[in-house]
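**Student:** For reference, the structure I am asking about is given below.
The values are calculated or read from the model by the stated rules, or taken from the named source; none is laboratory data. Just so it is clear, the model here is predicted, and its values are computed rather than measured. Here the Cβ positions follow ideal geometry from the backbone for every residue, glycine too, while neighbour counts run over all protein chains shown.
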Amino acid sequence: MATSEQELLGTDLGKYFSEIADKRGKNSEGRNRMHALFRSLLKKTSKDNLAKAERIRKHNLGRKKQRARYIRDIGVIKTVVNRELNFLFTRKTNPVKAIVVEDLSARMKAHFCKKWNRWLSGWMRGYLQERIRYKAKKHGIEVNPAHSSRECPRCHCTDKKNRRGDVFKCSYCG
């Protein structure tokens, strides 16, 4: 998140996303190996192999631990989001007067590798929008999403010419 004073909040979210994505990817690799071993043991119909396959299925291929880990990881991200929003709304210097939120629900147009797609899609756009609106309402602050990516933070000039793709240059104040 960025303020009109060019202050960035939540910059450590990327670190958490990458740690979680790396950990989930590593766990998935291990689960895939166990699943392959399970399938190969099922093809061999000896009693020992079937017993071993059953133990692998019971102790390594369950979803309970995986789901609990996922919920815990999401909780960490939600904590970081809430901490940054609380900092934004309760600070004494430069108090927030208005919030401008762009449409965060749009999907990425670019396609990246699987690891990057996991990072980018896992950032909970809906949760972020909901928390911003909730905390803004709680503190009596207006939320206005209209033309936020075209408005200059210095002079508040809103013009289509201000933005070309990812590049922003105000047509009024430069």
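**Student:** So, Glu5, is that one over 15 Å from the mean Cα position of the chain (by Cα), in a loop (DSSP other than H, G, I, E, B) and among the acidic types (Asp, Glu) or not? Break it down into steps so the answer makes sense when it comes.
**Tutor:** Working: over 15 Å from the mean Cα position of the chain (by Cα): yes; in a loop (DSSP other than H, G, I, E, B): yes; among the acidic types (Asp, Glu): yes.
Taking the combined requirement at face value, the residue satisfies it.
**Student:** Here are some conditions: (1) hydrophobic (A, V, I, L, M, F, W, C); (2) under 30 Å from Lys138 (Cα atoms); (3) part of a helix (DSSP H, G or I). Val96 meets all but one. Which one does it not meet?
**Tutor:** Val96 satisfies all of (1) hydrophobic (A, V, I, L, M, F, W, C); (2) under 30 Å from Lys138 (Cα atoms); (3) part of a helix (DSSP H, G or I) except (3).
**Student:** Of all residues in the stretch 152-169 being farther than 20 Å from Ile99 by Cα and in a loop (DSSP other than H, G, I, E, B), which is farthest from the chain's Cα centre (by Cα)?
**Tutor:** It comes out as Lys169.
**Student:** Within the stretch 33-47, track down each residue that is out of contact with any helix residue (DSSP H, G or I) (no Cβ under 7 Å at 6 or more places or on another chain) and within 16 Å of Lys65 (Cβ to Cβ).
**Tutor:** In the first step, residues of the stretch 33-47 are kept if they are out of contact with any helix residue (DSSP H, G or I) (no Cβ under 7 Å at 6 or more places or on another chain); the result is 33, 35-36, 39-40, 43-47.
If the condition is that a residue be out of contact with any helix residue (DSSP H, G or I) (no Cβ under 7 Å at 6 or more places or on another chain) and within 16 Å of Lys65 (Cβ to Cβ), then His35 is the only one that fits.
**Student:** Quick test of your reading of the structure: Leu13 fulfils all but one of (1) loosely packed, with under 11 Cβ neighbours inside 10 Å; (2) under 22 Å from the mean Cα position of the chain (by Cα); (3) closer than 30 Å to Lys138 by Cβ. Name the failing condition by number.
**Tutor:** With respect to (1) loosely packed, with under 11 Cβ neighbours inside 10 Å; (2) under 22 Å from the mean Cα position of the chain (by Cα); (3) closer than 30 Å to Lys138 by Cβ, Leu13 is out only on (1).
**Student:** Can you find a residue in the stretch 72-90 that is in contact with a Pro (Cβ under 9 Å, 6 or more places away or on another chain) and in a helix (DSSP H, G or I)?
**Tutor:** Yes: one or more hits.
**Student:** Does Arg63 qualify as being surrounded by 14 or more Cβ atoms within 10 Å (Cβ to Cβ) and either over 22 Å from Ile132 (Cβ atoms) or touching a helix residue (DSSP H, G or I) at 6+ places or on another chain (Cβ under 9 Å) (or both)? Let's see the steps before the verdict.
**Tutor:** On the way: surrounded by 14 or more Cβ atoms within 10 Å (Cβ to Cβ): no; either over 22 Å from Ile132 (Cβ atoms) or touching a helix residue (DSSP H, G or I) at 6+ places or on another chain (Cβ under 9 Å) (or both): yes.
No: the conditions fail for Arg63.
**Student:** Turning to a different aspect of this structure: Of all residues in the stretch 11-39, which are under 28 Å from Arg83 (Cα atoms) and hydrophobic (A, V, I, L, M, F, W, C)?
**Tutor:** Leu13, Phe17, Ile20, Ala21
**Student:** Also, quick follow-up: Within the bounds of the stretch 41-52, is there any residue that is surrounded by 11 or more Cβ atoms within 10 Å (Cβ to Cβ), outside any helix (DSSP H, G or I) and among the hydrophobic types (A, V, I, L, M, F, W, C)?
**Tutor:** no
**Student:** Give the residues of the stretch 77-100 that are touching a helix residue (DSSP H, G or I) at 6+ places or on another chain (Cβ under 7 Å) and modelled with pLDDT of 85 or more, sorted by residue number. Break it down stepwise before answering.
**Tutor:** Pass one, the stretch 77-100, residues touching a helix residue (DSSP H, G or I) at 6+ places or on another chain (Cβ under 7 Å): 77-78, 80-82, 85, 89, 96, 99.
Matches in the stretch 77-100: Lys78, Val80, Val81, Asn82, Leu85, Phe89.
**Student:** Quick one: Ala146 ticks every box in (1) hydrophobic (A, V, I, L, M, F, W, C); (2) at pLDDT below 80; (3) closer than 25 Å to Tyr16 by Cβ bar one, so which box is it?
**Tutor:** Only one criterion is unmet by Ala146, namely (3).
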